[in-house]
Ligand code: HEM
């Protein structure tokens, strides 16, 4: 057998890793983009046209007629949440950042402002109306909103102080939190597809719902911490190939789940607007 020189195998490892990362970024961004368009068209569109009973199609009681402050908080939450879903990947792509720094700064201000409004809107809704799932969901989502607020303020503070490494770390944490709202739907979709409604109730207070009130953002934050700490280590070729395969599998799962959501909920929802 002919031995493959180590520089060649390192090169193959690098290229595979680079392209698998790109594949995941593209599938994730396309999915977030479509989810964002759906939120603006379906939810924010319903607020603009005063047709808010439509909000209750997915989550019963999301719209409650006697709670105008809660509805306003939610409408702001939808618009800004969609903006951060659509912008997230653009801000983190290093090629775009390096080539157009001014664009990165301007979009960064929009991203951070929108994150703050999304979090405050969600927290306002919890305070005025309360979540459908009650205490545990209030705590899970309350903590989620608090963390998003903290990450947005810290990312801004470190950018202004030109402490780029700290800024990037907080920006990654903010991104992990922003895509969590998208992951929440994906994870529910996968669970319901694989195991049916086991552990889930219509009022979101079953055992699955109580775990999910935290599970959609805690693992993402842990992954950011692990990646950040491992950033200076160059993994060997087998580790790179293993990482590449998991990225490709994740990208395929994202593409499949996106196709199912788009076909059943997002595209019909955009059509209803
Ligand atoms: C990118 C960020 C976010 C997006 C795109 C987003 C989007 C949405 C959407 C579309 C809904 C409507 C229900 C559904 O379709 O499931 C919703 C509900 C909700 N969101 Fe968010 N959200 C985001 C972040 C947050 C944050 C940070 C909080 C934390 C305070 C939060 C709290 C809530 C609450 C409390 C509800 C109502 C749940 C209920 O009816 O009980 N969201 N969000």
P(r), alpha carbons of segment 1-109 - 5 Å bins starting at zero, rounded %: 2, 10, 14, 14, 12, 10, 10, 8, 6, 4, 3, 2, 2, 1, 0, 0
P(r) histogram, all alpha-carbon pairs of the chain included - 10 Å bins from 0, percent: 6, 25, 35, 22, 8, 2, 1, 0
Translational D in µm²/s for segment 64-221 (Stokes-Einstein at 10 °C, 1.306 mPa s, Kirkwood Rh from C-alpha pairs): 96 µm²/s
Mean ellipticity per residue at 222 nm, deg cm²/dmol - from DSSP H runs of n ≥ 4 across the chain, formula -39500 (n - 2.57): -25000 deg cm²/dmol
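Need one number: the % of Cα-Cα pairs in segment 50-107 sitting beyond the 13 Å mark.
For segment 50-107, the fraction of Cα-Cα distances above 13 Å is 69 percent.
A short reminder: the numbers here are calculations on the coordinates, not readings from a lab. Computed from a prediction, not measured in an experiment: that's the story for all the values here.
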